[in-house]
Every structure is written in C-alpha cells, then in structure tokens.
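The values are calculated or read from the model by the stated rules, or taken from the named source; none is laboratory data. For clarity, every value in this text was computed on a predicted model and none was experimentally measured. In this analysis, Cβ positions are derived from the backbone assuming ideal geometry, glycine residues included, and neighbour counts consider all displayed protein chains.
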Amino acid sequence: MRRRDLLSSGFLLATGAAMPRAFAQAPAPAQPPGAAPAPAAEAAPPPRRAHALSLLGEPALPVDFPHWPWVNPTAPKGGQLVLSTIGSFDSFNPFILRGAPAAGSNSLIYDALMVPSSDEASCEYGHVAQAVELPRDNRGVTFLLNPAAKWHDGKPITAADVVWSFETLRDKGRPFYRAYWGDVSEVVAEGEHRVTFRFKTADNRELAQILGQLTVLPKHWWEGRDFSAPLLTPPLGSGPYRLEAFEAGRSVTYRRVADYWARELPTRKGTNNYDVMRYEYFRDSTVALEAFKAGQIDLRSENVAKDWATAYDFPALRRGLVKKEEIRHELPTGMQGFLMNLRRPMFQDRRVREALGLVFDFEWMNANLFYGSYTRTSSYFSNSELASSGLPSEGELMVLSAFRGRVPEELFTTAYRVPTSDGSNANRDNARRALALLKEAGWTVKDRRLANEKGEAFNFEILLEGPTFERVALPYIQALQRLGIEARVRTIDPAQYQVRMDAFDYDMTIDVIGQSLSPGNEQRDFWDSAEAKKPGSRNMIGVSDPVVDALVELVVAAPDRQALIDRTRALDRVLLWGFYVIPHWHSRTFRVAWWDKFGRPERNPRYALALDSWWVDTARDKALPADRSQAG
C-alpha cells in the first residue's frame, strides 16, 4: 500500500492589508506652488527572516543549533544497510505517473529546500535554502539558497533550478503537485541564490512551509530529456547518496557521497552514516521475511501482527544475533481500511456503504488474526488532537451549522462509533441492520442473492496488491455472503496495482490515507471534487461533495491552531458519516527486527524511526557469523 507521510504545515505571521502594487508604485501628484510637502508614504514593513518555519509557534531549535537533538554527531561512517521492498521497479523518476520508481530514488538522491524535524510537529529547518523571508501580508515566501549547495557534478544549485523544478513538477509531475501548490501564482528567480514564490491568497498559512518541501532537480541535466517518461539512466542529484548499481526489478544500490556538500550542516550531521544502502526486491512479504531470517536483509519493519507474534522465533534471535523491539511513536495514524470506489454505481448510496461496514468483524479478527495487538480506528486523524469524538464542540458547531441540511442530521445528535460485535464473526444484530439498510436502498435478497429491482446482483471485486491482506479480506467476504453479496478477491503484483489505482480501475481495495499533525493543502488531493476526475490523484474514493470541498478550503485557510482543530474535526465528522471507508486498525509502535550490527542514538525522535541516524558498529558486525544463513 502506498503510505505517504506528508508534512503539511506553514508559518503564522501577523497579517495586515497589503498596498496594491499599482498604487504603491504610482508617482506622487504634483504640488501647487507654496503648498506644504505631502507626507511621505509609510514604507512597507520589512519581511521577517527566519531559519525555520513552524505552524505551531516558534521553532524549538535556535539558528545556530549544531545538529538534531536525537542524533549522535560523531557517529562513525561505513558499512552497509540492506533493506527489503516488495514488487519491482522500472524507473528512477519518482515524480511522474508512468513507471514504478525504485526505492530511495527521491530521498537519497535529492535534497529539498528545507528539512522537517522528526521531533517537532509541523516544523522544518533550512537546508538547500539557508534562510527564508516572509512578507507581512502572507502573500509569498522567498528562499535564500546556500551558496555551498551543489550537484554531484560540482555545479551550484541555483534559483533557476528551483524555478524549473517547481514548474516541471507542476506541469508534468503527478497530479498531486498541481493540487498541493494550487495557491501559487508565480515563482521568480531574483538572482542566483534568491527565489520568490507569490501566492494568490493571504489565507493559505501553510503554503510557505509546503514549498520548503520542494525537491530541487538539476535543470541542466534534464534539458534534452523527457521528464514525463520513466528513467533508467542514473540521475544527477545533490543528496547524500548517488546511484551506484541496479538490476531492474531486483535490486538497487546507492553509495554515500564522500564530499557531500551538506555533510556538516546541522540538518545532516550524524545522519546518512552507511557507506552503502541497498534495496532487495521480493515478490511478497513472506519471501522477504525468510530472506531476513537467512541474513540476506539487515533490518525489517514488520506490519503483520501474526508474523510479529509467531514468525520471529528462530535460532539467530534466540542466540541474540537478531534484535526485536517495538519502538513507540507519536505519529498520527491516518485511516487504513476497505476503500469503496464511489465511481461504481453500487457504492453511491450512503445506506449501502453503511451496511457494508456493519458486517466487518474487527473484534473477531483482532482476537484470531492479530493477537489482540491493534486498536480500531475511528477517525481519519486518529492518534492526534485533530480526531473528532463524542458530540461536536462549540467550535465545531460554528463550522458545521453552515452546512445543516446538507450533511446527515445524526452528525449533530449522535456520537459516531464504529460498529462492534461479539467477536463471533456472525453478528446477527449487525447483519439485520445491514439488510434493513440495503432494503431501504432498493436491494433485496432473492434466492440467497442480493439484487436490485432490475434483477442485477450485488457483486464486486476486492483488489489487493499482495497476499498479506487476503486473510483479512476472506473472512469479510464470508460475512458479505450472508447478506447475499458475492464478493471476490483479486491479488495482483504492485506494478499492476499502481496502474489500476491511478486509473481508478477497482471496486474496493485496502489503502491508507495518511495524515499529519497539521493537515492542509494535501486534503484537496484526498477529497476535492475536481481531483476525483484526475487519474493519479489521491482521491481514491471518488468523493465529490460540495460540502467536503468547502470544509477542505476552511482547513487550508484556518487562521490559527484552534481553528484548524475545529475545522479538521468538522471535516472528519462529515467524512465518517459519509461511510466512505470501512475502518481497519492502527498501531502506535514501530515493530523492528535487525541483525545486531548497528549502533543507535540514545533515543528515537517522536515522529519517525530515523534509520538514517543509526550506524554500523564495526565490532558487532564482525561478531556476526560470516554466513548468517547458518545462524538463522
């Protein structure tokens, strides 16, 4: 499944009325002879200059901070980290719809204007841009580039590269970029190291920080190449690693850049410690797990509860050669679930969608499949203060009252709760309620088959990108059969799955709608009506509701943190009562197992696993058997 942890944040400044440019530049009228001189026009206040941007207040780290607080600044360099990934790849261009991009082909090869802190919510610090300037009217942002920033070929990173990157990604990249940057009116290079973005509105307070996330691409290298086509030529980058070798679809190897321009910057010191990073590709997670146990893979992050509980009892772990740990985090968990494609007629009735959720038996699955390790998800913004609960607060009601009559009335009178069961996987009460809703929507059971007035059977396909979730889908299908619904599972490889998702060619699937601590512009790509029609957008469900559109714009334009909380909770309620997703579950830890060859910082940051701050401990590495397969 595609998991994107999008940091959506910004910078809150005092606002004031901006003087129109034409008026500000007009010549002063001539004065009659003997008249007193007209008072000089008040100069516009200078922009605020900052080393970091935070939506939630002042950045925690000062302008001269030496390194991230959680890293070991003297961590040794060397060794290699081998990770596994599922599927295949045929491109090193991760920014377009075409092709399956190789793991690491963005974050390892390229740098961004700013780098998010993994220990602060909605905060990022200067990187390629060593400082930013923010006008008092909030209608733009200027990035001042670090003169030391350079590409791997030694050429400097310039403002022209930033302008070209923005315009190319917006015009030729994934549709996400056009939605995410929709409030940018223009971008101008004002010198070799100064680039300014101007905004259509003063209300999009996170937009400056969103632009700080811009991956900068080398204009001179891409000239003469087709950016919209998959790429199997090693690309030119500026980041901590460069592509060293690959076997298409099977493995990709990156080598640390010894003279990396940013290696001593506080945003990089103590990180990127491995000389070599390699990704090995496997067809599914079961094979990848066996490769880890055989010592072919150094570290594995486990997302299957059953495997975590039962599959790691092997000799190398019992001998202490492999470590296994759950590392807590404070990340919002977003929404994982069965997503219904509203572009299919059968899912367009809200009563049908509610009925399909009633027969999903999480309690049985948690007890029998997941060893009781999960918590049911009941919000699109779970594990954060942005999640709605109970009845709407006064602040939420101020937002929602404007839409009364266009949203379900239950939203105002009833606390949303995910359906629960007795854990038998045959909950008759929920099944009866589901059948009643289906009957209201025009579906009745005839000869044990659910059909509409035209005699058309209710049947659909659950599309999966690998076998891991088959054991979740199959019990659900059995529950649907009791309603007379014929559902079936189709499992395809990740490359095919991505193509079908981009084309919205599915009935139901399992996916994750990831969220951050400061939602904003990315919500347009998730929910906006216009995005529902754009292939490759992240409005996978096909939500097309003017109320949702309006709430998303309110979230984007939230003037302060409390308004953001109220508006996000209001959006959450409307989405939940739309029954667009059958919610799954979440975990609040990273489950990680690794061969005991690594050193680690004393603590982990709050919002990331931060593997880039680990390092290879030479003594531990040498202590492992030369042939790990004999130890596992």
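List of remarks:
- Remark: Asp502 matches the filter, which requires a residue to be in contact with a Leu (Cβ under 7 Å, 6 or more places away or on another chain), at pLDDT below 95 and more than 29 Å from Gly390 (Cβ to Cβ).
- Region 246-262 - residue that is assigned to a loop (DSSP other than H, G, I, E, B) and not aliphatic (A, V, I, L, M) and, of those, modelled with the lowest pLDDT: Gly249
- Of the residues making up region 604-630, those that are out of contact with any Gly (no Cβ under 7 Å at 6 or more places or on another chain) and not in a helix (DSSP H, G or I) are Asn604, Pro605, Arg606, Tyr607, Ala608, Leu609, Ala610, Leu624, Pro625, Ala626, Asp627.
- Under the condition of being crowded, with 16+ Cβ neighbours inside 10 Å, of a type in the set (D, E, K, R) and modelled with pLDDT under 95, the residues counted in region 417-448 number 0.
- The condition (being in contact (Cβ under 8 Å) with a residue 24 or more places away in the chain, out of contact with any strand residue (DSSP E or B) (no Cβ under 7 Å at 6 or more places or on another chain) and part of a loop (DSSP other than H, G, I, E, B)) is satisfied by just one residue among Pro62, Pro76, Pro69: Pro69.
- Out of Ile513, Ile492, one residue alone is surrounded by fewer than 18 Cβ atoms within 10 Å (Cβ to Cβ) and touching a strand residue (DSSP E or B) at 6+ places or on another chain (Cβ under 8 Å). It is Ile492.
- Apart from one condition, Asn204 fits all of (1) in contact with a Ser or Thr (Cβ under 8 Å, 6 or more places away or on another chain); (2) part of a loop (DSSP other than H, G, I, E, B); (3) farther than 27 Å from Arg268 by Cα; the exception is (1).
- Residues that are assigned to a loop (DSSP other than H, G, I, E, B) and in contact (Cβ under 8 Å) with a residue 24 or more places away in the chain were ranked within region 443-458; the one that is nearest to Ile485 (Cα to Cα) is Phe458.
Okay, residues lined up against (1) under 20 Å from Ala52 (Cα atoms); (2) buried (at least 19 other Cβ atoms within 10 Å of the Cβ); (3) modelled with pLDDT of 95 or more; (4) of a type in the set (Lys, Arg):
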{"position": "Leu145", "(1), (2), (3), (4)": "yes, yes, yes, no"}
{"position": "Phe176", "(1), (2), (3), (4)": "no, yes, no, no"}
{"position": "His193", "(1), (2), (3), (4)": "yes, yes, yes, no"}
{"position": "Leu217", "(1), (2), (3), (4)": "no, yes, yes, no"}
{"position": "Gly237", "(1), (2), (3), (4)": "no, yes, yes, no"}
{"position": "Glu244", "(1), (2), (3), (4)": "no, no, yes, no"}
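- Cβ separations smaller than 9 Å between residues 6+ apart or across chains give the following pairs from region 228-249 residues that are without any contact (Cβ under 8 Å) to a residue 40 or more places away in the chain to residues that are of a type in the set (Gly, Ala, Ser): Ala245/Ser251.
- For region 579-596, filtered to residues that are farther than 21 Å from Asp313 by Cβ and touching a helix residue (DSSP H, G or I) at 6+ places or on another chain (Cβ under 9 Å), the residue that is surrounded by the most Cβ atoms within 10 Å (Cβ to Cβ) is Tyr580.
- Candidates Ala558, Ala550: the one that is within 27 Å of Arg174 (Cα to Cα) and surrounded by 19 or more Cβ atoms within 10 Å (Cβ to Cβ) is Ala558.
- Every pair of residues 6+ apart whose Cβ atoms lie under 7 Å, when the first sits in region 117-142 and is basic (Lys, Arg) while the second is not in a loop (DSSP other than H, G, I, E, B): Arg139/Arg198; Arg139/Phe199
- Test: residue in region 175-190 that is in a loop (DSSP other than H, G, I, E, B), touching a Gly at 6+ places or on another chain (Cβ under 6 Å), in contact (Cβ under 8 Å) with a residue 60 or more places away in the chain and of a type in the set (D, E, K, R): no
- Only one of the listed residues (Leu576, Leu571) is crowded, with 24+ Cβ neighbours inside 10 Å, of a type in the set (A, V, I, L, M) and at negative phi. That residue is Leu571.
- Taking the criterion of being buried (at least 19 other Cβ atoms within 10 Å of the Cβ) and in a strand (DSSP E or B), the residues of region 297-339 that qualify are Leu299, Arg300, Val322, Met335, Gln336, Gly337, Phe338, Leu339.
- Of the residues making up region 385-422, those that are among the hydroxyl-bearing types (Ser, Thr, Tyr) and in a loop (DSSP other than H, G, I, E, B) are Ser388, Ser389, Ser393, Thr414, Tyr416, Thr420, Ser421.
- Qualifying residues in region 148-174 (those that are buried (at least 19 other Cβ atoms within 10 Å of the Cβ), within 28 Å of Lys534 (Cβ to Cβ) and of a type outside the set (A, V, I, L, M, F, W, C)) - the one farthest from the chain's Cα centre (by Cα): Asp161
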